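Single-structure report; data block below.
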Amino acid sequence: SNSHSALIIIGTGMAGIGLARALRRQGDTRTITLISADSGDDYSKPLLSTGFAKRLTPDQLAQRSARDVAEELNAELITHTQVVHLHVDNQRIVLSNGHQLHYDDLVLATGAAPRTPFSVPENVAKRCFTVNDLDEYRRFYDALAAAPARVAIVGAGLVGCEFANDLYAGGHQVTLIAPERAPLPRLLPEPLGQALGNAFQAAGIQLALGRTLQTLTLNPDNALSLHLDNGDHYVADIALLATGLTPRSELAETAGLAVSRSGIMVDRQLRTSQPHIFALGDVACVEDVNAMYVQPLQACIKALTSTLTGKPTSVSFGAWPVIVKTPLLPVVAYPPATTPARWQIEGEGNEMTAIAENKDGRLIGFALTGGCVRRKVELSRTAPALLG
Ligand code: FAD
């Protein structure tokens, strides 16, 4: 079916490549063109924050080159090229090189971009990094070639904490700076966040929590100075900014598609507000949920593959907890979708269990540290689905 129809996928992350691969596995023979602003190499993004401990080079993280991906998928891959316009009326897209392409179906898999809530002065910008794709990892890796380096990480969410642990394991000197009082504020109630903070500190990771970064300056000796709101300052060789991600939905928004703060709005069949245009991955908000994790993304790939091959299929998400890759203290969290009436917290030291309950005493989320992460299967069974 559809052998002459043209499918264009914008993005070659896990969502874009994953969808093309799933379609071919279903025997779909339509023309597929993938377009990427980056190198188009196939890599697993979650591994970016585990590379230093395992001493992996960027090339070892690239599972396949863009050329091999194109061959495997019998698809055209256009790399280092931005899609700059989307014209829904005549079903065309415009590339940064001026070329225009027609689509029968279009999939927006443009992911999410690092968001920096403060401006970085130009003279220090070359010492500040974000690591949200393999190309950025390459630059960061090169900057850290001379170990041990002093690395200041700004942001204590999943990405900041995973890199703190990984860079520490790779022999670097890490300082973690964030405005919240404890790590992983959106995933963990504070006592469990403290447990992770204690494990970091015991390993020698320096914490500057409850502190906002005021200014970044370059010292005469070329080191970075990070000045905090309480007057403290830290010196580092480089800074990693892990201050959050925003769905890359501008292209869709400018074209008039329905977009919210959480991404491009799609229904359970991953359909945007425009016919023939779908969205999935970190850029897509399915009903009210944009989880930005692999498991929901994989479920979306599966549903969209069925839909595109003639079996319209709605996606649903289970109670899938997040596994945080911090070997200094394992963490698993399934944050409640709404503010809980109470957290029931048990345990001490590294071994903590926290259960979020609604006013009727029903479990609506949980968080686990240390050996308690074993309870994730049992607790997931009683938790409400992410998108039932
Ligand atoms: P992306 O990988 O961001 O891909 C977007 C693609 O779109 C890129 O190819 C980009 O070049 C392209 N693009 C964007 N705009 C344009 C344009 N205008 N024109 C052309 N191309 C464009 N999730 C888990 O479940 N478990 C984990 O352990 C985990 N660890 C993580 C660790 C880190 C460090 C990070 C950053 C994320 C982690 N995640 C994890 C989240 C998970 O990796 C993401 O949800 C997933 O990779 C998103 O894939 P994507 O394809 O939607 O987006």
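The values are calculated or read from the model by the stated rules, or taken from the named source; none is laboratory data. The shown structure was predicted, so the numbers you read here are calculated from the model rather than taken from an experiment. Cβ sites come from the backbone with ideal geometry, for glycine too, and all protein chains shown count toward neighbours. We work out accessible area using only protein heavy atoms, side chains counted, and drop any ligands, DNA or RNA first. Shrake-Rupley method; radii C 1.70, N 1.55, O 1.52, S 1.80 Å.
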* FRET efficiency for D221 and T246, Cβ-Cβ distance as r, R0 = 30 Å, nearest 0.05? -> 0.30
* Asked: Which trypsin sites (Lys or Arg not before Pro) in the range 174-249 pass both tests, a DSSP loop state and at most 14 other beta-carbon atoms within 10 Å?
  -> R181, R186
* Using Cα centres only, tell me the gap between the range 103-125 and the range 9-24 in whole Å. => 19
* Taking only C-alpha pairs under 8 Å that are 6+ residues apart, what is the relative contact order of the range 1-57 in percent? -> 43
* Taking the convex hull of the Cα atoms, report for the chain its projected area averaged over all directions, in nm². => 20.1
* Structure fact -> Over the chain, with neighbouring protein chains present, the accessible area per residue in Å² at probe 1.4 Å is 46
* Structure fact -> FRET efficiency (T309, T338; Cβ distance; R0 51 Å; to 0.05) is 0.90
* Asked: Taking θ as phi - 60°, what are the ³J(HN,Hα) couplings along the range 215-225 by the Karplus curve (6.51, -1.76, 1.60), each to the nearest whole Hz, with x for Gly and Pro?
  -> 9, 10, 10, 9, 6, x, 8, 6, 8, 8, 10
* Asked: trypsin sites (Lys or Arg not before Pro), restricted to the range 1-95: which are DSSP loop and have at most 13 other Cβ atoms within 10 Å?
  -> K54, R55
* **Value of relative contact order over the chain, rounded to a whole percent, pairs C-alpha under 8 Å and six or more apart** => 15
* For R64 and E136 in the same chain, what is the full-extension length gain: residue separation times 0.36 nm, less their Cα-Cα distance, in nm? -> 24.2 nm
* Of the heavy-atom accessible surface of the range 112-192 (probe 1.4 angstrom), what whole percent is carbon and sulfur? -> 51
* To do: Using +1 at the Cβ of each Lys and Arg and -1 at the Cβ of each Asp and Glu in the chain, identify which of V94, H276, G370 lies farthest towards the dipole's positive end.
  => G370
* To do: List the relative contact order of the range 43-113 as a percent without decimals, with contacts defined as Cα pairs under 8 Å and 6+ residues apart.
  => 16
* 0 to 90° range, to nearest 10: angle between helix 158-169 axis and the chain longest Cα axis -> 60
* Asked: With each pseudo-label sitting 7 Å past Cα toward Cβ, what's the E287-V120 distance in nm, one decimal?
  -> 3.8
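Please report the net charge: other residues with Cβ closer than 15 Å to the Cβ of L144, K and R +1, D and E -1.
+3
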* Asked: Carbon and sulfur together cover what percent of the accessible area of the range 286-343 at a 1.4 Å probe radius?
  -> 56
* Note, ³J(HN,Hα) from phi for the range 20-26, Karplus 6.51, -1.76, 1.60, rounded to Hz, x at Gly and Pro -> 4, 5, 5, 5, 5, 4, 7
* For the chain, what is the charge dipole size about the Cα centre, in debye to the nearest 20, if Lys and Arg each add +1 at the Cβ and Asp and Glu each add -1 at the Cβ? -> 660
